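In what follows, a structure is listed as structure tokens, so that the remarks can point back to it.
The values are calculated or read from the model by the stated rules, or taken from the named source; none is laboratory data. Nothing here was measured: the structure is a model prediction, and the numbers come from that model. Reconstructed Cβ throughout: ideal geometry from the backbone, glycine too, with neighbour counts over all protein chains shown. Please note that ligands, DNA and RNA were not included when accessible areas were found on the heavy atoms of the full protein model with its side chains. Shrake-Rupley method; radii C 1.70, N 1.55, O 1.52, S 1.80 Å.
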Amino acid sequence: MEGLASGPAIEQRWKCKGSEIPIDHPAWVIEAYYIAQAVTGVILMLSPKKIILGGGVMHQKQLFPMIYAEVQSNLKGYVSTKELLTHIDEYIIPPGLGDNAGLCGALALGLKAARGI
């Protein structure tokens, strides 16, 4: 994923930062495709209860609907749960803590370890 849909990969491919690419540019269709391929693989291999997509690229909110459609197309009903069929926007989500999710998670794990839990 890092080589396909990360900020540096987008910048290298399109010769500008993702934040400078218009929301209707074809670049986002390609990026949504790459991300959806990874998400589909995770769903099929691990069957997670929820998928959280964060990071700088995911600040491009127009990606989420494209990813939802691509994942549903990839699965073609093979996994037919209501989460994927009718509530995919509640299944594939941005992190609730935004860009602080990683930091807060690391802090929580550190506190847990310090307490011996």
Task: Filtered residue count, the stretch 1-24, keeping only those that are over 14 Å from the mean Cα position of the chain (by Cα) and either farther than 18 Å from TYR68 by Cα or not in a loop (DSSP other than H, G, I, E, B) (or both) - done: 16
- [ ] Answer with yes or no whether VAL79 is of a type outside the set (Gly, Ala, Ser) and in a loop (DSSP other than H, G, I, E, B).
- [x] yes
- [ ] Quickly run through the stretch 43-54 and pick out the residues that are open to solvent by less than 70 Å² (accessible area, probe 1.4 Å) and either in contact with a Ser or Thr (Cβ under 9 Å, 6 or more places away or on another chain) or assigned to a helix (DSSP H, G or I) (or both).
- [x] ILE43
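Residue by residue, here is whether (1) surrounded by 13 or more Cβ atoms within 10 Å (Cβ to Cβ); (2) among the acidic types (Asp, Glu); (3) over 22 Å from SER6 (Cβ atoms) holds:
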residue	(1), (2), (3)
GLU31	yes, yes, no
ALA38	yes, no, no
GLY56	yes, no, no
HIS59	yes, no, no
TYR68	yes, no, no
SER80	no, no, yes
LEU85	yes, no, yes
GLU90	no, yes, yes
PRO95	yes, no, no
Task: Answer from SER80, SER73 - the residue that is among the polar types (S, T, N, Q) and modelled with pLDDT under 95 - done: SER80
